[in-house]
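Here's the structure we're looking at; comments come further down.
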Amino acid sequence: AMLRTAVDHAQQAGYRVENADCTVVIESPKIAPYRDQMHEMLTSAVGAPVSVKASRAEGLGALGRVEGAACLAVALLVER
């Protein structure tokens, strides 16, 4: 719902999402079994292609100690 709201705000400002890229930083669980579903749901919400990747914190900090997860996302916006 938050993603759809952000896309709506961008559209109201005169932009459209060309594509997006998401990197999930997580030690556990593995996202491979969920990646296709995540890709489909995000692509549907954004209305443009979204790639989904995973990375590990390699034991560093709170993420490496499996105390949390992070997601880094970037989207290319073009004027309509």
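With the simple model of a label 7 Å out from the Cα in the direction of the Cβ, Leu72 to Lys30 spans 2.3 nm.
In order along the range 55-67, the Karplus-derived 3J(HN,Hα) couplings, from 6.51 cos²θ - 1.76 cosθ + 1.60 at θ = phi - 60°, round to 9, 10, 8, 6, x, 8, x, 4, 5, x, 8, 6, 9 Hz, and Gly and Pro are given as x. Just the number, please: percent antiparallel of the DSSP beta bridges in the chain, rounded to the nearest 5. The antiparallel proportion sits near 60 percent. Under a model in which nothing but the beta-carbon of Lys, Arg (+1) and Asp, Glu (-1) is charged, the chain shows a dipole of about 60 debye around its Cα centre. For the chain, the mean residue ellipticity at 222 nm estimated from helices alone is -11000 deg cm²/dmol, where every DSSP H run of n ≥ 4 contributes -39500 (n - 2.57) and the total is divided by all residues, rounded to the nearest 500.
For the chain, what is the relative contact order in percent, using Cα pairs closer than 8 Å and at least 6 residues apart in sequence?
Numbers: 123 pairs, mean separation 36.5, N = 80.
Taking the mean separation of contacting Cα pairs over the length of the chain, I get 46 percent.
When only alpha carbons of the range 1-78 are considered, Rg and Dmax amount to 14.1, 42 Å. For the pair Arg16 and His39 in one chain, pulling the backbone fully straight at 0.36 nm per residue adds 6.4 nm over the alpha carbon distance.
Net charge near Gly14, counting Lys/Arg +1 and Asp/Glu -1 over other residues with Cβ under 11 Å of its Cβ?
On the way: positive: Arg16, Arg80; negative: Glu79.
Local net charge: +1.
For the range 28-80, applying the loop criterion from DSSP together with a ceiling of 11 other beta carbons within 10 Å to the GluC sites (Glu not before Pro) yields Glu58, Glu67.
Every read-out reported here was derived from the displayed coordinates using simple, explicitly stated rules and does not represent laboratory data. The structure presented is a predicted model; accordingly, all values stated were derived computationally and were not measured. Here Cβ is always computed from backbone atoms with ideal geometry, including for glycine, and neighbour counts include all displayed protein chains.
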